[in-house]
Amino acid sequence: MEKKLKIAIQKSGRLNDDSMKILKEAGIEFNNGLNMLKADAINFPLEVFFLRDDDIPQYVEDGIADIGIVGENVMLEKNKDIKIVDRLGFSKCRLSIAIPKNEKYKGVQDLQGKRIATSYPTIVSKYLKKNKIAAEIHEISGSVEIAPSIGLADVIVDLVSSGSTLFTNGLKEVEVILKSEAVLVANKSLTKYQLGILDKLLFRINAVKKAKNNKYILLNAPNKNLDAICKILPGMKSPTIMPLSDKGWSSVHSVVNENDFWDIIEKLKALGAQGILVVPIEKMIL
Ligand code: ATP
Ligand code: ZN
């Protein structure tokens with residue numbers, strides 16, 4: 001039997017849903033991974049291990065898993081000899097310094113001599129060293145945000161997404177140390193065969209990511225403005241133009257990037273475009 005590429009993903013937690021989703025969207029189907037430690041893909045040479053996110057960098061370094069999906073924050077904290085092969089765009093958060101709401105903050109030098117509670121001692125001590133700050137790091141594994149109110153620390157360094165947890169604990173974010181998202185990490189000595197499977201997987205993931213950033217657009221345009229409209233809609237190569245039975249009008253099909261989307265729609269309307277339809281794209285291969 002051909003060997004499979006082994007991927008480690010979080011068993012349960014904030015990364016699990018989106019990690020499974022990205023594999024499913026890449027067309028990879030599983031028998032049923034619920035409450036299991038392992039699942040086999042049925043239509044792709046991939047085996048999934050469900051683990052705690054903190055253990056994933058070590059497993060990938062040791063080659064127990066060949067690749068893994070983990071937050072960049074965890075990958076940097078564990079500081080293992082593995083590499084990032086793709087950024088996945090989900091589980092976005094930041095690792096930030098927060099202090100009690102009523103305290104003043106002028107800059108990192110204010111951390112001098114302070115007690116800092118965090119679950120990220122490696123990242124924090126590197127950051128302090130880089131900024132030439134001497135401070136005491138208290139490593140705690142959870143509920144870091146309560147440390148100042150119980151007198152354990154003056155300052156915390158913790159993950160933030162909306163900031164509401166900080167706010168309810170009387171803290172304010174004063175500095176961002178790291179912007180994090182989920183990354184696909186890989187063992188550094190994969191075989192040619194394993195790299196071949198990884199390439200196929202990356203190709204599929206990228207087709208899905210590109211599709212998410214783009215929309216298929218169809219519209220009716222007066223022929224006199226077709227040139228101007230085509231300039232606004234570059235498409236993958238160039239837009240498709242089909243004549244309508246109504247003389248003087250054409251149907252134009254193209255692909256637009258999400259970021260430019262509203263801007264483009266406004267311009268199209270100004271050029272007399274009508275009946276604009278926008279459709280999601282499932283996969284996009286250039
Ligand atoms: P495990 O049981 O696997 O150890 P955990 O409790 O350490 O899970 P989660 O809370 O599920 O971890 O978070 C996993 C990852 O999700 C984080 O390391 C981070 O990359 C990302 N994340 C995104 N937003 C947030 C947030 N608001 N708070 C915490 N983590 C977040
Ligand atoms: Zn964890």
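The values are calculated or read from the model by the stated rules, or taken from the named source; none is laboratory data. Just so you know, these numbers come straight off a predicted model, no measurement behind them. A quick note on method: Cβ atoms are made from the backbone with ideal geometry, for glycine too, and the neighbour counts reach across all protein chains shown.
Summary table
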item: Residue tally, condition within 16 Å of ligand 1 (Cβ to nearest atom) and among the aromatic types (F, W, Y), over the stretch 65-121; result: 2
item: Residue among Y59, Y105, Y120, Y127 that alone is over 26 Å from F167 (Cα atoms) and among the hydroxyl-bearing types (S, T, Y); result: Y59
item: Qualifying residue in the stretch 249-269 (condition: more than 24 Å from I205 (Cβ to Cβ), assigned to a loop (DSSP other than H, G, I, E, B), touching a residue at least 24 places away in the same chain (Cβ under 8 Å) and not assigned by TED's automatic domain parsing to the domain that holds E25); result: no
item: Test: residue in the stretch 156-170 that is within 16 Å of ligand 2 (Cβ to nearest atom), free of Cβ contacts under 8 Å to residues at least 12 places away in the same chain and more than 17 Å from L76 (Cβ to Cβ); result: no
item: Condition met for I56 (assigned to a strand (DSSP E or B) and within 16 Å of ligand 2 (Cβ to nearest atom)); result: no
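This table checks each residue for (1) within 18 Å of the chain's Cα centre (by Cα); (2) part of a strand (DSSP E or B).
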{"residue": "L76", "(1), (2)": "yes, no"}
{"residue": "A98", "(1), (2)": "no, yes"}
{"residue": "L152", "(1), (2)": "no, no"}
{"residue": "S162", "(1), (2)": "yes, no"}
